[in-house]
Amino acid sequence: MAPKPIGSPIPDSLYPTLSVLMLAIGLVITASFFIYEATSTRKSRSLVKELTTGAVASVFLGFGSLFLLLASGVYV
Amino acid sequence: MRFDLFLFTLAILSSPVLSDLVLPKVERRIDLTSQVVRITTSLKVENTGSDLVSEVLLTFPDRQANNLAYSTATLYEGKGKAKASAGSLPVELVHPKDMPPSLTVYSVSLPKALGKGEGLMLDVLAVFTHALQPFPEKITQADIQLVLFQESAHYLSPYAVKAQSLTVKLPDARIESYTRLENTKVHGSEIKYGPYENLPPFSYSPVVIHFESNQPFAVAKELVREIEISHWGNVQVTEHYNLVHDGAQSKGEFSRLDYQARPYVRGASAFRRLVAKLPPRAHSVYYRDEIGNISTSSLWGDSKKMEMEIEPRYPMFGGWKTAFTIGYGLPLRDFLFELNGERFLNISFGSPVNELVIDALFVKVVLPEGSREISVSVPFPVKQRQETKFSHLDVVGRPVVVLEKNNVVPEHNEHFQVYYKFSSLSMLMEPLMLISGFFFLFVACIAYMHADLSISKSSASYLSKLQWEEVQATVQQVHNIISRCLAMHDKLEASLRDLSRTGDIQACKATRKSVDSLLKELSKELKPLIAFLQSSFQAAQIFPKVEELIAKERDLQERLMAKHSTVVDCYEKKLGGREIENRIASHHQKISILRQEIDDLMEFIDEI
């Protein structure tokens, strides 16, 4: 069996696009999270809603910032 | 000279050893065109004894052997021009008992023992560093650099040599002096000794050649190469050089003006640039030192290679030092492979800089976090150890394989392999770190918003704030209930429309029943809220509006019920459409006005 070259799971050229896209989505969800925090009162706030919004936003921001690092040449 | 001692040692040799082999022909070529001395010896070996011989011994004087950086023996088959390489043979250091003490002996083991009368051809390449001795040892800026090279005109061997010759290739420059023996010829930049015939074992005839050499004597006192693998698509190589010009020491003062005006006369011994051959598709190349980027570099390349020319900050004269770092990224696909579930890195060992001698080379291979079962395969002996490095987004650190080798020459630029096992799932560690970081931020925000951070829990302003928040929450709840009531109203209207279309009175009645009970429940829920708002001092301003809203809603509800009953009644009596229209016309107008007012009030309350 001949050795098989290993590349990256996602083509390098897609990193900038992916990072912009995911960071944009992540920041929009983050904005909605903070709007909710600011407009609801302490009594009417729902913890589940806060946590789910935060979790979804952090997934997008996490992958977005990873691709941003890779696109800018910091190979983690 | 020191040869005397050496000859004395040879003289006291009692008996020749291992004399079963003879060398019918030995041709040596010594290449002195760079600072690295390369001696290529073509040996013809023949066994004259009756015993089988499975090894050929090569001897070097200790003085030379200390500088030996690299040696390889190649076996040749066939004769004359048609000879072809049949693979290289292992060369090992051995310590036979009956050898003179000042000799270092290497043994070439043959793949198949030589019988009586059999022979073979062998090419031995030996590479030496620091073998050229500058003489004079100190020169000024304007002087040329002269070096001494010492060797024996006769091939030093434990075997008898029948015919031999030696050719020394010098750089195209002045030859200051050389030892003249019989049969010595100078031809351009080549000196030829021999042929000499029928010499006994351990023949030695020292020659000294004194010549000009202005080649770069670039020696890296220490070179640290760091090769970092990222499975996200990159192999990052960073090389820290600690460079010195190891030729004749510079003395006197350095004049930049003289150097700039006539660099080849007033600085012949200096070198100002180095060329590094990087692998193809190298990207993000940089060249810097402790104070920042060094701008004097250029890079060009094609699909086969990339060449980088770097100039240190100042021309390098004898004894001058400089330290710098170069770095470049390489595509992962070219260097990382998978075989039988194991991954391996296949990359060259030495420095990419041309004709560089490295005194101490450290190659550090930084594997990704989570690599297991690491093993290394290097084509020559190296010292090996492991350490851990912490880099971007690491938890337990990355395993690092450190390979250490002294006296490295360009011949060591062979590929070596680092094998390891790695699960692709471990790649998700880095994004998970980032995600958990962001999530922690959000959780901190949530905790801050939920926490009560006021210091005096009994102050009037704090209490009023608490009350006001409670009022706000209650008003919000009232708002929610009223909007649910309005939804019920819409449901009733919808059921009336269904009735006019299908004429199903029972379904309409059922809807009415369920809506009635739900509305009753909602009004029950509303009661304690209203009571609270009434009693609260903070709600005094807003309470009239809420009250008005509730009253209007009740009014609307009654009207709607009345309209509903009328319509259902009419359908039961089977009255005509026009009759029904007439009966509910008054309700209709009132309902739409009330609905408008309620919507306005709701909006007002929502803004609090």
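The values are calculated or read from the model by the stated rules, or taken from the named source; none is laboratory data. Given the structure is predicted, the values throughout are model-derived calculations rather than measurements. Reconstructed Cβ throughout: ideal geometry from the backbone, glycine too, with neighbour counts over all protein chains shown. Note: areas computed on protein heavy atoms with side chains; ligands, DNA, RNA excluded. Shrake-Rupley method; radii C 1.70, N 1.55, O 1.52, S 1.80 Å.
For the pairing of chain B with chain A, what total accessible surface becomes buried, with a 1.4 angstrom probe, in square angstrom to the nearest 100? Can you show the working numbers first?
Details: alone 32280 and 5750 Å², together 34560 Å².
Between B and A, the summed buried area is about 3500 Å².
Please list, short to long, the whole-number percent of alpha-carbon pairs of the stretch A:26-73 in consecutive 5 angstrom bins beginning at zero.
5, 21, 24, 18, 12, 8, 6, 3, 2, 0
Would you mind working out the magnitude of the charge dipole of the protein assembly as shown relative to its Cα centre, with +1 at each Lys and Arg C-beta and -1 at each Asp and Glu C-beta, to the nearest 20 Debye?
Dipole magnitude for the protein assembly as shown comes out near 720 debye.
At B:Leu463 and B:Arg288, where each label point lies 7 Å from the Cα along Cα→Cβ, what is the point-to-point distance in nanometres?
Roughly 6.3 nm, to one decimal.
Can you find, among B:Thr238, B:Val265, B:Asn198, the residue farthest towards the positive end of the dipole of the stretch B:195-338? Put +1 on the C-beta of Lys and Arg, -1 on that of Asp and Glu.
Working it through, the farthest residue towards the positive pole turns out to be B:Val265.
Around B:Ser391, which amide H atoms from residues at least 5 apart in sequence, or from another chain, sit under 5 Å from its own amide H, with H modelled in the peptide plane?
Long-range HN contacts for B:Ser391: B:Arg398.
Test of the criteria: in the stretch B:395-501, which GluC sites (Glu not before Pro) are in a DSSP loop and have at most 15 other Cβ atoms within 10 angstrom of their Cβ?
B:Glu414
Could you pull out the GluC sites (Glu not before Pro) across the stretch B:285-367 that fall in loop regions by DSSP (anything but H, G, I, E, B) with no more than 16 other Cβ atoms inside 10 Å?
B:Glu290, B:Glu355
Which order do you get for A:Arg42, B:Arg29 if you rank them by accessible area with a 1.4 Å probe, largest at the top?
Putting A:Arg42, B:Arg29 in descending order of accessible area: B:Arg29, A:Arg42.
State in Å² the accessible area per residue of chain A; use a 1.4 Å probe, count heavy atoms of protein chains only, and round to the nearest integer.
53 Å²
³J(HN,Hα) across the stretch A:58-72 via Karplus (A = 6.51, B = -1.76, C = 1.60, θ = phi - 60°), whole Hz, x for Gly/Pro?
Karplus values, whole Hz, x for Gly and Pro: 6, 4, 5, 5, x, 5, x, 6, 4, 5, 5, 4, 5, 5, 8.
Excluding the sites themselves, what is the longest stretch of chain B that contains no chymotrypsin sites (Phe, Trp or Tyr not before Pro) in a DSSP loop with at most 11 other C-beta atoms within 10 Å?
Of all site-free stretches, the longest is B:1-263.
Just in the stretch B:510-608: which trypsin sites (Lys or Arg not before Pro) are loop by DSSP and have at most 13 other Cβ atoms within 10 Å?
Taking the stretch B:510-608 and a limit of 13 other Cβ atoms within 10 Å, the loop trypsin sites (Lys or Arg not before Pro) found are B:Lys573, B:Lys574.
Could you tell me how many degrees, from 0 to 90 and to the nearest 10, lie between the Cα long axis of helix B:577-606 and the main elongation axis, the longest principal axis, of the Cα atoms of chain B?
In chain B, helix B:577-606 runs at an angle near 50 degrees to the longest axis.
For the cross-link pairs B:Lys185/B:Lys405; B:Lys304/B:Lys383; B:Lys162/B:Lys405; B:Lys44/B:Lys304; A:Lys4/B:Lys304; B:Lys509/B:Lys590, which exceed 28 Å when the distance is taken from alpha carbon to alpha carbon?
Pairs exceeding 28 Å: B:Lys185/B:Lys405; B:Lys304/B:Lys383; B:Lys162/B:Lys405; B:Lys44/B:Lys304.
At 222 nm, what value in deg cm²/dmol follows for the protein assembly as shown if DSSP H runs of at least 4 each add -39500 (n - 2.57) and the sum is divided by all its residues, to the nearest 500? Each step should come with its number before you reach the end.
Working: 10 runs with 225 residues, N = 684.
Result for the protein assembly as shown, helices only: -11500 deg cm²/dmol.
Counting only heavy atoms of protein chains, what accessible area per residue, in Å², does chain B have with a probe of 1.4 Å?
50 Å²
Hey, with R₀ at 60 Å, roughly what FRET efficiency would A:Ser46 and B:Thr40 work out to, going by the Cβ-Cβ distance, to 0.05?
The pair A:Ser46/B:Thr40 has a calculated efficiency of 0.15.
Provide the solvent-accessible area of B:Thr140, counting protein heavy atoms only and rolling a 1.4 Å probe, rounded to the nearest 10 Å².
The accessible area comes out at roughly 50 Å².
Out of all Cα-Cα pairs in the stretch B:447-514, roughly what percent, to the nearest whole number, are more than 21 Å apart?
For the stretch B:447-514, the fraction of Cα-Cα distances above 21 Å is 55 percent.
Calculate the dipole size of the stretch B:82-178 relative to its Cα centre from +1 charges on Lys and Arg beta carbons and -1 charges on Asp and Glu beta carbons; express the result in debye to the nearest 20.
Approximately 360 debye in magnitude.
With an 8 Å cut-off on Cα pairs and a minimum separation of 6 or more residues, tell me the relative contact order of chain B in percent. Numbers along the way, then the final one.
Details: 1145 pairs, mean separation 60.9, N = 608.
Relative contact order here is 10 percent.
At 1.4 Å probe size, with the rest of the protein present, what percent of the exposed accessible area of the protein assembly as shown is carbon and sulfur atoms? Numbers along the way, then the final one.
Details: 19200 of 34560 Å².
Its accessible area is 56 percent carbon and sulfur atoms.
Report the charge-dipole magnitude of chain B in Debye, nearest 20, computed about the Cα centre from +1 at each Lys and Arg Cβ and -1 at each Asp and Glu Cβ.
The calculation lands at about 660 debye.
Treating cross-link reach as a plain straight distance, find the aspartates and glutamates whose alpha-carbon is under 14 Å from the alpha-carbon of B:Lys364, omitting any fewer than eight places away in the same chain.
List returned: B:Glu222, B:Glu226, B:Glu228, B:Glu239, B:Glu387, B:Glu404.
Give the Rg (one decimal place) followed by the Dmax (whole number) of the protein assembly as shown, computed from C-alpha coordinates and expressed in Å.
Rg, Dmax (Cα atoms, Å): 45.5, 145.
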